């Protein structure tokens, strides 16, 4: 787990979740490049698990993925990772002032977990940013939060298609606290997108 801008009482705690097969260092340069010294960034590492999509090979993953059609959702795996992230947040905020804000940021699989957690956690979140991700399809009643949510996606994403992302966000689209931005990009993060991430965090 990597911590950037570690301090006693940051204005905000941002937990940044990497994508499948990566680790906490994947977005370290982006977090540092934001220049937000009053925010402490925590970049945890996903556990090594077998991924069905990749012939069962073990790699860092927040949950299993069977195919890029995303017809199957590893809810048990998401719930396990959710408990892990909640524990990281809970342990950290015990040492901070009561006024600290909390935001989740995730890329790809990390974005899906951030949204999954954001709709379920008892921890008060002040924002969720989902980069090139999707909202996992879950057959249960959920309470749509008033937490500000920013979702960003590439129009040419060949891993998680823009059409699938839009479909997954259908329950969020009508909400005034949900913002969906698209860019001429693939499954990646670009400078213009980073600018919107910085502005979102500054508004919280």
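No lab work stands behind these numbers, since they all come straight from the coordinates. Model, not experiment: these values are computed from the prediction. All Cβ positions, even for glycine, are placed from backbone atoms using ideal geometry, and neighbour counts span all protein chains on display.
Taking every C-alpha pair closer than 8 Å and separated by at least 6 residues, the mean separation divided by the residue count of segment 2-126 gives a relative contact order of 31 percent. With respect to the chain, whose longest principal axis is taken over its alpha-carbon atoms, helix 75-93 is tilted by about 10°.
Rounded to the nearest 10 degrees, the angle from helix 191-203 to the longest Cα principal axis of the chain is 50 degrees. When peptides 47-59, 30-42 are sorted by average Cβ neighbour count within 10 Å, with the highest value leading, the order is 30-42, 47-59. Dividing the helix sum by the residues of the chain, where each DSSP H run of 4 or more adds -39500 (n - 2.57), gives a mean residue ellipticity at 222 nm of -8000 deg cm²/dmol. P(r) for segment 23-101, from all Cα pairs and a bin width of 10 Å, is 15, 35, 32, 16, 2 %, short bins first. For the chain, the longest principal axis of the alpha carbon atoms and the long axis of helix 109-118 meet at an angle near 60°.
With the simple model of a label 7 Å out from the Cα in the direction of the Cβ, residue 3 to residue 171 spans 3.5 nm.
Panel note: the C-alpha atoms of segment 2-203, placed on their principal axes, show extents of 43, 35, 33 Å (largest first).
Paramagnetic label reach from residue 75 (point 7 Å along Cα→Cβ; backbone nitrogen cut-off under 19 Å): within segment 116-138, residues 116-122, 134-138.
Of all DSSP beta bridges in the chain, what percent run antiparallel (nearest 5)? Before the final figure, lay out each step's value.
Numbers: 7 of 32 bridges.
Around 20 percent antiparallel, to the nearest 5.
Between residue 204 and residue 67, full extension at 0.36 nm per residue minus the direct alpha carbon distance yields a gain of 45.8 nm. Peptides 170-180, 60-70 ranked from most to least packed give 60-70, 170-180, packing being the mean of other C-beta atoms within 10 angstrom over each peptide's residues.
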